[in-house]
Amino acid sequence: MGTRALLSQRGFLTANLRETGKVQTYTLNSNKLTFAEAWRIGGLILWLARLFRAPIASTTVILGDSSGVEEIPFGDFPQAQREILEPALKEAEALGFQQRLTFSLWSPQPENSLYSCLLGKPGFHSLLLITAVKKGPQLSLQTEVSSELADGREILHTTSTKNFDKPNWMETHYYKTITLKALWDAHQKRIESQHLRPVPGEKEALLTEVRKNHDRWVEYGVNRGFLVPRQSGVV
């Protein structure tokens with residue numbers, strides 16, 4: 001089956017899965033990673049697996065499609081996620097940000113599901129995303145500012161750790177330690193004079209955008225071959 005046909009079928013499947021509340025899942029094909037990706041994601045073990053073309057945990061689900069993105073009121077987030085997010089949200093609000101959408105992203109391990117707050121600033125076409133991420137037993141914050149250009153490309157400034165190489169339509173700038181204000185200012189400087197796509201105003205439209213961007217990333221992984229649709233992987 002050709003790539004376009006595969007993605008078309010996958011898009012149809014995603015729409016139907018969302019109606020039934022089920023998630024199409026994907027496994028990792030380590031043989032399709034670059035050596036740099038294998039090192040960043042799994043250290044020496046995954047790098048050696050890539051070198052000798054020996055798939056590791058190829059039956060383990062690592063990701064679901066956008067039917068696993070669900071709007072959830074902030075008050076319904078788990079207590080630990082609320083507690084780590086609240087100070088960051090107060091800081092963002094003090095800088096003039098307004099909360100636009102709160103949502104979760106399904107994980108095959110429920111305790112690793114992501115809980116996110118999407119914020120905007122009046123008069124700007126950029127969005128601020130603050131996510132509670134579980135790394136081992138600890139929760140941490142991941143902050144990113146993004147803008148979409150009129151031609152479909154995306155510019156992103158983030159405190160997340162680089163793992164997979166990004167597609168050519170995504171320009172990403174990584175920061176280990178940076179304040180929220182400095183992250184926002186760096187992003188605004190980069191997009192200065194760029195022709196940006198306006199941010200949707202309605203909550204449902206924002207949720208649609210979040211799901212679209214998630215599926216766009218999944219399609220990139222399927223195209224490259226490092227994400228493999230699990231044939232019996234609807235959960």
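Values in this text are rule-based calculations from the coordinates and carry no lab data. Everything numeric in this text was worked out from a predicted model, so none of it was measured. Reconstructed Cβ throughout: ideal geometry from the backbone, glycine too, with neighbour counts over all protein chains shown.
Summary table
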quantity: q = 0.07, 0.08, 0.11, 0.14 Å⁻¹, the chain: log10 I(q)/I(0) [Debye, one scatterer per Cα]; calculated: -0.24, -0.31, -0.61, -1.01
quantity: Projected label distance in nm at LYS32 and LYS135, using a 7 Å step from Cα toward the beta-carbon; calculated: 2.7
quantity: Amide H contacts under 5 Å for ARG230, placed H, 5+ residues apart; calculated: THR25, TYR26, THR27
quantity: Relative contact order (%) - criterion: Cα under 8 Å, at least six apart; region: the chain; calculated: 21
quantity: Structure-based [θ]222 nm, the chain - -39500 (n - 2.57) summed over DSSP H runs of at least 4, per residue, nearest 500; calculated: -12000 deg cm²/dmol
quantity: Check: the chain dipole with +1 on Lys, Arg Cβ and -1 on Asp, Glu Cβ, in debye; calculated: 780
quantity: For region 158-235 versus region 48-107, the gap between their alpha-carbon centres in whole angstrom; calculated: 13
